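Participant: What follows is a single structure, and I will ask about it in a moment.
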Amino acid sequence: MVAVLFIIPFPLLRLIPKAMSPILAKIAAAPVHALVWLGNQGTRAIAALVFFGIAIPPAGRLLKPYVTEAIFLLLCASFLRVDLKLLRDYLRRPGLVLAAAGWTMLAVPLIAGGVWSLAGLDQASPDIYLALILQAVASPMMAAPALAAVMGLDSTLVLVTLVIGTALVPLTAPIFAYIFLGSALMLSPMALGAKLLAILAGSLVAASVIRWRAGAAPIKRHARLIDGINVLVLFVFVSAVMGNVAGEFLADPVRVLALTLLAFAVFFAMIGLTAVIFRRSGYGRAIALGLMVAQRNMGLMVAATGGALPETAWLFLGLSQFPIYLTPQLLKPIVARLVPPV
C-alpha cells in the first residue's frame with residue numbers, strides 16, 4: 001500500500017491525457033496538481049500544519065492511531081529522495097556521519113541530562129525534567145530528512161546520520177534514561193529495537209520498489225509532488241500530538257507560554273551548538289545537522305513507555321512541535337543566503 005501511494009502519481013501524469021478526454025483528464029489530474037501546489041508552498045505549508053493541528057482537535061483524535069504509519073511514510077519518502085552519488089561519497093568517507101551520529105546519540109544526552117540535573121530541575125519540576133530527558137535521549141525525528149529536503153539542505157547527510165542514530169537508540173536511550181531517571185522509567189530495548197528495525201527496513205524496501213518501478217528520473221522530476229505528499233503525511237503526526245494544546249492554553253495560558261518558550265530555547269540551543277561544532281563541514285551541512293539534532297523523536301520514546309507519562313510531559317511533547325515545524329520557515333531566509341542550492 002505504501003508503494004502504491006508513491007508509485008501511482010508518476011504513470012498517472014503520463015497516462016491521464018492519453019486515456020481520457022481533455023475535460024475528464026483535468027478533473028482526474030486535479031488531485032495531483034493540488035499536491036504539486038502544496039509541495040511548492042514548502043516551509044509555509046509546514047508552518048501552517050501546527051495551527052491546523054491546534055484548530056482542529058477532532059482531526060487529532062481521528063488520526064492518532066495512524067502515527068506509526070505516518071512516520072513510516074515520511075521515512076520512505078526520505079529514502080526515495082536519497083542522492084545515491086552523495087550517499088556513496090558519505091559511505092566512502094564516513095567520518096562526518098559517524099561524528100554527527102556520536103554527537104546526537106551520545107554527547108547531546110550527556111550534556112542535556114547533566115545541565116538539567118545540575119540545575120536541580122529533577123527536584124523543582126520532575127514532570128518537566130522527565131520530558132526533557134526523554135527528548136534528549138531520543139533519536140532524531142524520522143521526518144528530519146523530509147524537512148531538510150524542503151529547505152533545500154542536504155537531506156542525504158541527514159538521512160544517513162539518522163539511520164545510524166536510530167540504530168543506536170535501543171542501546172543508548174535506556175542507558176541514559178536509567179542514569180538520569182533511575183528505575184522510575186522502564187524501557188524495553190528489545191521491543192524498541194525491533195520496532196525501529198521494522199520501520200527502517202520496511203521503508204527502505206518500499207522506497208527501493210518505488211525507485212525500481214517508477215525510475216529515478218521521474219522521482220527527481222516530480223520532487224514537488226513528493227513534497228506535497230509529505231506535507232499531508234506530516235499533518236497526521238502534528239494533529240495527533242497537538243490536539244489538546246488549545247484546551248490546555250485556555251485552562252492555564254501562563255504555563256503553556258512558559259513551556260513553549262522552554263521548547264524554543266532548547267531547540268535553538270541544540271541547533272546553535274551543533275552548527276558551531278560542525279561549522280568546518282560548511283554552512284549547509286552544519287545547519288542541516290543542527291536541525292536534525294534539534295528535531296528529537298519524542299513520539300518513539302512515548303511509545304516505548306506505553307504512553308504512561310504525566311500530563312505536563314504530554315503537553316511539552318505537543319508544544320515542542322512548534323519550533324520543529326515553524327523553524328524551517330523562520331530560518332529559510334538565512335539558509336537561502338548562506339547555503340547554495342543542492
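Participant: Work out from phi, with θ = phi - 60° and the Karplus expression 6.51 cos²θ - 1.76 cosθ + 1.60, the ³J(HN,Hα) of each residue of segment 44-53, listed in order in whole Hz, and give x for Gly and Pro.
Facilitator: Each residue of segment 44-53 in turn: 5, 5, 5, 5, 5, 4, 4, 6, 5, x Hz.
Participant: Peptides 99-105, 256-262, 202-208: what's the order by average Cβ count within 10 Å, highest mean first? Mind dumping the intermediate values first?
Facilitator: Numbers: 99-105: 21.7, 256-262: 15.7, 202-208: 17.9.
In descending order of packing, they fall as 99-105, 202-208, 256-262.
Participant: Shifting gears a bit: What does the charge count near VAL231 come to, summing +1 for each Lys or Arg and -1 for each Asp or Glu among other residues with Cβ under 13 Å from its Cβ?
Facilitator: +1
Participant: Please list, in chain and number order, the residues 5+ apart from ARG296 or on another chain whose amide H is under 5 Å from its amide H, with Hs placed from the backbone.
Facilitator: For ARG296, the qualifying residues are MET141.
Participant: Separate question: Taking a cut-off of 19 Å between Cα atoms, list the aspartates and glutamates near LYS85, but don't count ones fewer than 8 places away on the same chain.
Facilitator: ASP154
Participant: Let me check against my output: what whole-number percent is the relative contact order of segment 47-337, with C-alpha pairs under 8 Å and at least 6 apart?
Facilitator: Contact order relative to length: 34 percent.
Participant: A further question follows. Report the Stokes-Einstein translational diffusion coefficient (µm² s⁻¹, integer) for segment 85-242, Rh taken as the Kirkwood radius over Cα pairs, at 37 °C with viscosity 0.692 mPa s.
Facilitator: It comes out at roughly 186 µm²/s.
Participant: Net charge near ALA45, counting Lys/Arg +1 and Asp/Glu -1 over other residues with Cβ under 14 Å of its Cβ?
Facilitator: Cβ neighbours under 14 Å give a net charge of +2.
Participant: With N residues in segment 47-337, what two-decimal value do you get for its Cα radius of gyration over 2.2 N^0.38 Å?
Facilitator: Normalised by 2.2 N^0.38 Å, the Cα Rg of segment 47-337 equals 0.96.
Participant: OK, next. Of VAL293, VAL236, VAL256, which is farthest along the charge dipole of segment 188-302 in the positive direction, counting Lys and Arg as +1 and Asp and Glu as -1 at C-beta?
Facilitator: VAL293
Participant: Let me ask another. Rounded to whole Hz and in sequence order, give me ³J(HN,Hα) for segment 320-331 from the Karplus expression 6.51 cos²θ - 1.76 cosθ + 1.60, θ = phi - 60°, writing x for Gly and Pro.
Facilitator: 5, 6, 4, x, 4, 9, 8, 4, x, 6, 5, 8
Participant: On to the next question. When the Karplus curve 6.51 cos²θ - 1.76 cosθ + 1.60 is applied with θ = phi - 60°, which whole-Hz ³J(HN,Hα) does each residue of segment 107-119 get, with x for Gly and Pro?
Facilitator: Couplings: 5, 4, x, 5, 5, 4, x, x, 5, 5, 5, 5, 6 Hz.
Quick note: the coordinates plus some simple rules give every number you see, no bench work behind them. Treat the numbers as computed from the prediction; the structure is a model and nothing was measured. Note that we place each Cβ from the backbone using ideal geometry, even for glycine, and neighbour counts take in every protein chain shown.
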